[in-house]
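So the structure is just underneath, and the comments pick up after that.
The values are calculated or read from the model by the stated rules, or taken from the named source; none is laboratory data. For clarity, every value in this text was computed on a predicted model and none was experimentally measured. When we count neighbours, we look across all protein chains shown, and the Cβ atoms used for this are built from the backbone with ideal geometry, even at glycine.
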């Protein structure tokens, strides 16, 4: 039986398809929001590398796009890249504080605290 996270076909994945969004990009409609949409579409398809590439473009186009920085952190965390996740969350936190996005400030503060917490000592028996 398939898990709820794994769609059985492409039509089961919510949101616009990456192909439709790529056509918009090819037509010259580039922008931070389109890149974020592409990142989300590829992330839903579990293509983290492509999602991260689009997020890098999104934050290059709009350095204050907190949601893009946050998603970068979440994807990096999922890939086990805690250093990249911490950097993305720290940038998102700085932007969220400056913009007064209080709920996001709370979330990112908790995420960073957890990432920066010292690892418990290993007990090898």
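Computed quantities for the displayed model
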| quantity | calculated |
| --- | --- |
| Among residues of the stretch 83-125, those that are touching a helix residue (DSSP H, G or I) at 6+ places or on another chain (Cβ under 6 Å) and farther than 15 Å from residue 65 by Cα, counted | 6 |
| The stretch 35-70: number of residues that are more than 20 Å from residue 19 (Cβ to Cβ) and out of contact with any helix residue (DSSP H, G or I) (no Cβ under 6 Å at 6 or more places or on another chain) | 4 |
| Helices (runs of 4 or more DSSP H) lying entirely in the stretch 58-125 (those with 3 or more residues that are under 11 Å from the mean Cα position of the chain (by Cα), on the phi > 0 side of the Ramachandran plot and surrounded by 14 or more Cβ atoms within 10 Å (Cβ to Cβ)) | none |
| Filter result (at pLDDT 90 or above and loosely packed, with under 14 Cβ neighbours inside 10 Å) within the stretch 1-29 | 19, 20, 23, 26, 27, 28, 29 |
